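Comments concern the structure below.
The numbers here are math on the coordinates, done by the rules we state, and not lab data. The structure displayed is predicted, hence computed values, not measured ones. Counting neighbours? That spans all protein chains shown, and the Cβs are built from the backbone with ideal geometry, glycine included.
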Amino acid sequence: MRSARARMLSNVALSSALVASCAPAVERDPLEDPTISRSRFNAFRCATCHAVGEGDARILPGARLDGALARSSFWGGAIGTARGAVDECFGHFMRGDALDREPEADARLLRRLSELRSVRGALTDVVPFTVVTQTAPPVGGDRERGRALYGRACGYCHGAAHTGEGRLGVTTSILPEDTERSHPSASGYTLETLRHTFVHKARLGSFNGFAGTMPPFSREVLSDDELADIVAYLDPTLR
Ligand code: HEC
Ligand code: HEC
């Protein structure tokens with residue numbers, strides 16, 4: 001026969017198990033959490049621009065995060081430490097404060113990146129990142145290929161072309177209409193310069209004179225031919 005005391009103890013154990021199952025069991029993955037940045041303008045997660053491991057079908061501007069802590073340089077050699085690389089993303093794209101002023105986010109991110117060193121096949125080699133500053137207007141381009149490439153490279157932020165359905169938020173432009181609106185032909189913009197703007201923006205993101213928070217696409221992740229296909233798909237005269 002179990003004593004009253006033993007029964008009581010097992011009830012206590014049961015109720016604390018229930019409490020435990022109601023409490024958040026695991027901490028939210030900081031790479032999937034836009035609120036690690038306190039900026040109310042931020043809609044990005046680290047995982048918006050970076051994959052972990054192989055097999056992500058998206059064309060992503062940022063390098064894989066597994067193995068990143070073991071690499072010897074970052075951002076194509078422009079940044080010397082992994083923490084500096086993360087700080088750039090956190091501050092520039094996610095509009096966070098510098099990581100040393102957000103110690104909690106800093107600690108969570110570095111702990112997570114450290115865990116990812118042990119992902120099987122972790123990518124520890126330096127990842128090349130060629131920034132294209134001199135862009136040429138797109139030549140040719142295949143609309144059908146562009147449709148699929150748009151989905152893989154642009155659609156996970158911008159949503160569907162023309163409607164923006166599924167886009168990250170209202171500040172993520174609807175393509176190509178918002179671009180046409182901000183560059184009206186009345187101000188001397190020709191179709192050719194408009195098409196060139198897509199290439200320019202994709203290559204430079206929110207750097208080199210462009211405002212905003214969009215990331216740049218290096219030539220390693222998106223070739224000039226692929227970009228020309230995307231522009232052919234977005235061509236406002238062909239909707
Ligand atoms: C809007 C897109 C975007 C977001 C959001 C973003 N990054 Fe990045 N990240 C980039 C780009 C572009 C680069 C430069 C290309 C590269 O080196 O990967 C980069 C570079 C890096 C690198 C250096 C990789 C290397 O080998 O050069 C690390 C590490 C990194 N980011 C971590 C993070 C973390 C952690 C977060 C979330 C706090 C984050 N990033 C959020 C786009 C982004
Ligand atoms: C990581 C998210 C993200 C990805 C991926 C992305 N963009 Fe953007 N893009 C944005 C955001 C946010 C804005 C608005 C803020 C800004 O201008 O930076 C923007 C703005 C733009 C604009 C300016 C529109 C205007 O109002 O004039 C163009 C053009 C553009 N993107 C093209 C592209 C193309 C082409 C691709 C794919 C090759 C792409 N973007 C991929 C986030 C993204």
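Would you pick out the residues in the range 212-228 that are within 19 Å of Thr48 (Cβ to Cβ), small (Gly, Ala, Ser) and more than 9 Å from ligand 1 (Cβ to nearest atom)?
Of everything in the range 212-228, just one residue is within 19 Å of Thr48 (Cβ to Cβ), small (Gly, Ala, Ser) and more than 9 Å from ligand 1 (Cβ to nearest atom), namely Gly212.
Within the range 114-140, count every residue that is in contact with a helix residue (DSSP H, G or I) (Cβ under 9 Å, 6 or more places away or on another chain), outside any loop (DSSP other than H, G, I, E, B) and either free of Cβ contacts under 8 Å to residues at least 60 places away in the same chain or of a type in the set (Asp, Glu) (or both).
2
Being away from ligand 2 (no atom under 12 Å from the Cβ) and either among the aromatic types (Phe, Trp, Tyr) or within 15 Å of Ser223 (Cα to Cα) (or both) is true for just one of Val139, Val127. Which residue is that?
Answer to the check: Val139.
Output the residues belonging to the range 106-144 that are touching a Phe, Trp or Tyr at 6+ places or on another chain (Cβ under 7 Å) and closer than 20 Å to Cys89 by Cα.
Scanning the range 106-144 gives a single hit, Phe129.
Tell me, which residue of the range 89-102 that is surrounded by fewer than 16 Cβ atoms within 10 Å (Cβ to Cβ) and of a type in the set (Asp, Glu) is nearest to ligand 1 (Cβ to nearest atom)?
Per the criteria, the residue is Asp97.
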